[in-house]
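The values are calculated or read from the model by the stated rules, or taken from the named source; none is laboratory data. Given the structure is predicted, the values throughout are model-derived calculations rather than measurements. In this analysis, Cβ positions are derived from the backbone assuming ideal geometry, glycine residues included, and neighbour counts consider all displayed protein chains. What goes into the accessible areas is simple: the full protein's heavy atoms, side chains included, and nothing from ligands, DNA or RNA. Shrake-Rupley method; radii C 1.70, N 1.55, O 1.52, S 1.80 Å.
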Amino acid sequence: MFIKAIILVIIGSIIGWITNYIAIKMLFRPYKEINFGLFKIQGLIPKRKHEIGEKLAETIQTNLLSIKDIVKEIDSSKIESELESAIDMMLDKKLKSETLVKYFPMLALFLNESIIKQIRNFVKKTILENKDEIISKLLTAFENSVDLKKIIVEKVDEFSLEDLERITFQLAKKELKHIELVGAVLGGVIGAIQFVVTIVI
């Protein structure tokens with residue numbers, strides 16, 4: 001009787017461990033759908049990958065991070081600095097006498113370094129006086145044109161299932177082993193209950 005009890009507990013533990021092990025593996029495996037005729041089988045995450053990506057993107061955008069949050073974190077002073085540098089570079093390139101003369105030949109009669117400098121200063125001053133409005137419009141355009149949810153969904157769709165599986169098992173290795181152990185323990189308990197039932201009956 002004792003040996004029978006031990007055998008039932010061991011068999012129950014093995015079945016419980018194997019069942020949980022297979023269940024964990026089937027989170028990802030098989031990657032591609034296998035058709036057995038009467039039923040089809042595919043890993044949960046590969047099968048629902050796109051849907052998971054959409055739900056993840058929705059959760060991130062709604063509760064964690066939105067384009068508005070990103071825009072708020074943008075340092076306007078740095079944009080102003082970059083804008084001024086870009087203006088200087090653009091004007092230095094475009095306001096060369098030969099460039100102006102190419103598009104406006106009549107300017108050759110009046111153009112000199114002093115006039116070019118005056119034009120440069122006027123254009124730069126005009127732009128910088130309206131820099132706040134320019135930056136505001138740029139950030140608004142960025143906010144309206146960038147679809148964060150679409151980007152996240154596309155990135156999830158592109159992410160390799162092999163890499164996702166590897167990362168998941170690396171991060172949750174102890175927890176997944178614990179689930180396997182719980183399966184073995186529960187299987188052993190069920191085996192012991194079966195033994196008691198057989199004695200009672």
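For this structure, a couple of remarks:
- Set Ile45, Ile52: member being aliphatic (A, V, I, L, M) and open to solvent by 60 Å² or more (accessible area, probe 1.4 Å): Ile52
- Matching helices (runs of 4 or more DSSP H) fully within the stretch 42-158 where at least 1 residues are among the acidic types (Asp, Glu): 49-59, 67-73, 76-94, 97-103, 113-129, 131-145, 148-158
- When every residue of the stretch 161-180 is checked against the conditions, none turns out to be outside any helix (DSSP H, G or I), touching a helix residue (DSSP H, G or I) at 6+ places or on another chain (Cβ under 8 Å) and surrounded by fewer than 16 Cβ atoms within 10 Å (Cβ to Cβ).
- Close contacts from the stretch 2-14, counting a first residue that is touching a residue at least 24 places away in the same chain (Cβ under 8 Å) and a second that is open to solvent by 80 Å² or more (accessible area, probe 1.4 Å), with Cβ to Cβ under 8 Å and a gap of 6+ residues or different chains, come to Leu8/Gln194; Gly12/Ile190; Gly12/Gln194; Ser13/Val185.
- All positions within the stretch 1-42 that are surrounded by 16 or more Cβ atoms within 10 Å (Cβ to Cβ), of a type in the set (Gly, Ala, Ser) and at pLDDT 90 or above: Gly12, Ser13, Gly16
- Inside the stretch 181-194, residues that are open to solvent by 70 Å² or more (accessible area, probe 1.4 Å) and under 33 Å from the mean Cα position of the chain (by Cα) make up a count of 1.
- Hits in the stretch 55-80 (condition: β-branched (Val, Ile, Thr) and surrounded by 15 or more Cβ atoms within 10 Å (Cβ to Cβ)): Ile67, Ile79
- Unique residue being open to solvent by 50 Å² or more (accessible area, probe 1.4 Å), under 30 Å from Leu44 (Cα atoms) and in contact with a His (Cβ under 8 Å, 6 or more places away or on another chain) when the list is Asp147, Asp157: Asp157
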